[in-house]
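Step one of this worksheet: look at the structure below.
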Amino acid sequence: MLSDKLSAALNKQIQVEAESSQVYLAMASWAEVQGLEGVASFMYEQSDEERQHMLKLVKFVNERGGHAIVSTLKSPKAEFGTFRDMFQELYNHEIMVSKSINELVHITLEEKDYATHNFLQWYVAEQIEEEAVARTILDKINLIGNDKGGLYLFDRDIQQLTVESAASNNPQ
Ligand code: OFO
């Protein structure tokens, strides 16, 4: 059975994951309108993944005797400046989410809830991977600079990354 404190913190995380899905959906739409097909499909995929993260939490909270709450979400912005700015935002967003997961893990230790602690390890690992992917993408963007041909290749490469992650990613 979840404690009230942990239940509230998990519900807050449900909101964070749902808002992440919204932010990446807004990024996907912006990229699509800019003609960056590869970047758009990468972002659509990220958005879907965040929804899966949210659902996994909903099911866990309910299974453990809590009540997962579906809350109002902040509306994400519609414009992202340059695609470099957008990926910088994605990276910053993931760092914020990692902090939020760490805070949750901290509460599980305070509450001595080792089942939830164990459940959250999947999210800890996922955040390490997502931060690493975002950093790799930013490094590539810095290499390209303002080169149009480089941007074309980047857009094609990132599409490949989406296909690979869809093949290897199997959220339960
Ligand atoms: Fe939910 O995985 Fe990152 O944010």
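The values are calculated or read from the model by the stated rules, or taken from the named source; none is laboratory data. Just so you know, these numbers come straight off a predicted model, no measurement behind them. Glycine also receives a Cβ, built like all others from the backbone with ideal geometry; neighbour counts cover every protein chain displayed. Accessible surface areas use protein heavy atoms only, side chains included; no ligands, DNA or RNA. Shrake-Rupley method; radii C 1.70, N 1.55, O 1.52, S 1.80 Å.
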Out of the residues in the range 1-42 meeting the condition of being open to solvent by 20 Å² or more (accessible area, probe 1.4 Å) and among the acidic types (Asp, Glu), tell me which one is nearest to the chain's Cα centre (by Cα). Glu19
Tell me, yes or no, whether the range 119-136 has at least one residue that is away from the ligand (no atom under 16 Å from the Cβ), touching a residue at least 12 places away in the same chain (Cβ under 8 Å) and either in a helix (DSSP H, G or I) or out of contact with any strand residue (DSSP E or B) (no Cβ under 8 Å at 6 or more places or on another chain) (or both). no
Some residue of the range 88-95 being away from the ligand (no atom under 14 Å from the Cβ) and of a type in the set (Phe, Trp, Tyr): no
Would you mind stating whether Leu73 is surrounded by fewer than 20 Cβ atoms within 10 Å (Cβ to Cβ), in a loop (DSSP other than H, G, I, E, B) and among the aliphatic types (A, V, I, L, M)? yes
Is the range 51-59 home to any residue that is under 19 Å from Met1 (Cα atoms), part of a helix (DSSP H, G or I) and open to solvent by 70 Å² or more (accessible area, probe 1.4 Å)? yes
